[in-house]
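Chemist: Please read through the structure below; I'll follow up with questions.
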Amino acid sequence: MTPASMTLAAVLLMGCAHSPPIQYFTLNSVAPATAVTGKVRPLQLTVVHIPPELDRQEVIVGVSGARLIVDNNSRWGAPLADMMRRSLAQDLLQRLPSGAFVLPDAPAPGGTRSLVVTVLQANTDADKVMTVQASWTMTEGPNAAQRATQFATLTSTVGTADTATQVAALSRLLGRLADLIAASAVDQ
């Protein structure tokens, strides 16, 4: 090796040695705000849809106008839609009466309503406020003929810009979304 190539190799190795390690994140379930009382017919979370710009390995830590701010050293531990589905399922399992929630992908008894959640937005703005906008639809009957759709916008002040804090805030907001879904699942 020539002295110049050895110097180049040393510089490249030093550059790699200073790269921060990649961190992996997951969402967690959150304790319910209140217990759901009343009769709830079986309900199964079938799918969670998310915007394509959130469907990536890297964690998006902010939005500034039309620009996404990506933390290249932070990754989701699994596809975000799958983690949101799991987290919401755990949250709903805690909130709904025993036997009222059918786990995703489990065989569902006859008469089970299907729940589809669509996340329209899940990001943090320049003021460090995380916003989750989502709708949920419960369908039942042959060919899902009966539908009930509701919409919510939930916010939480994040305070700091670090990724772990933002991921925890997203878990809390999904817990609040589960509170709303559980309350709407009670038979009238």
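The values are calculated or read from the model by the stated rules, or taken from the named source; none is laboratory data. All values reported here derive from a predicted model rather than from experimental measurement. Heads up, the Cβs are rebuilt from the backbone with ideal geometry, glycines too, and the neighbour counts pull from every protein chain shown.
Chemist: Counting only residues that are closer than 14 Å to LEU96 by Cα and not charged (D, E, K, R), how many does the stretch 170-184 have?
Modeler: Here the count works out to 8.
Chemist: Here's something else I'd like to know. Could you identify the single residue in THR131, THR112, THR118, THR124 that is without any contact (Cβ under 8 Å) to a residue 40 or more places away in the chain and either touching a His at 6+ places or on another chain (Cβ under 8 Å) or among the hydroxyl-bearing types (Ser, Thr, Tyr) (or both)?
Modeler: THR131
Chemist: For the stretch 48-77, name all the residues that are surrounded by fewer than 16 Cβ atoms within 10 Å (Cβ to Cβ), touching a residue at least 12 places away in the same chain (Cβ under 8 Å) and among the aliphatic types (A, V, I, L, M).
Modeler: LEU68, VAL70
Chemist: Something else: Would you check if there is a residue in the stretch 69-91 being of a type in the set (A, V, I, L, M, F, W, C), within 17 Å of MET138 (Cα to Cα) and touching a helix residue (DSSP H, G or I) at 6+ places or on another chain (Cβ under 6 Å)?
Modeler: So far as the stretch 69-91 goes, yes, one or more of its residues are of a type in the set (A, V, I, L, M, F, W, C), within 17 Å of MET138 (Cα to Cα) and touching a helix residue (DSSP H, G or I) at 6+ places or on another chain (Cβ under 6 Å).
Chemist: Take the residues of the stretch 1-55 that are hydrophobic (A, V, I, L, M, F, W, C), over 13 Å from LEU92 (Cα atoms) and not in a helix (DSSP H, G or I): which is modelled with the lowest pLDDT? Before the answer, list the steps.
Modeler: Here is the first cut: in the stretch 1-55, the ones hydrophobic (A, V, I, L, M, F, W, C) are 1, 4, 6, 8-14, 16-17, 22, 25, 27, 30-31, 33, 35-36, 40, 43, 45, 47-48, 50, 54.
Filter once more, so that each one left must be over 13 Å from LEU92 (Cα atoms): 1, 4, 6, 8-14, 16-17, 22, 25, 27, 47-48, 50, 54.
This time we only want the ones that are not in a helix (DSSP H, G or I), so: 1, 22, 25, 27, 47-48, 50.
Details: MET1: 64, ILE22: 92, PHE25: 95, LEU27: 97, VAL47: 95, VAL48: 97, ILE50: 96.
Here the answer is MET1.
Chemist: To continue, here is another question. In the stretch 144-188, which residue that is within 19 Å of the chain's Cα centre (by Cα) and among the acidic types (Asp, Glu) is modelled with the lowest pLDDT?
Modeler: ASP162
Chemist: Something else about it: Among the residues in the stretch 123-143, are any closer than 23 Å to GLN23 by Cβ, within 20 Å of the chain's Cα centre (by Cα), among the basic types (Lys, Arg) and at pLDDT below 95?
Modeler: yes
Chemist: Another question, if that's okay. Is there any pair with a first residue in the stretch 159-180 that is buried (at least 20 other Cβ atoms within 10 Å of the Cβ) and among the basic types (Lys, Arg) and a second that is modelled with pLDDT of 95 or more and assigned to a helix (DSSP H, G or I) whose Cβ atoms are under 6 Å apart and which are 6 or more apart or on different chains, and what are they?
Modeler: Close Cβ pairs (under 6 Å, with a partner that is modelled with pLDDT of 95 or more and assigned to a helix (DSSP H, G or I)) do not exist here.
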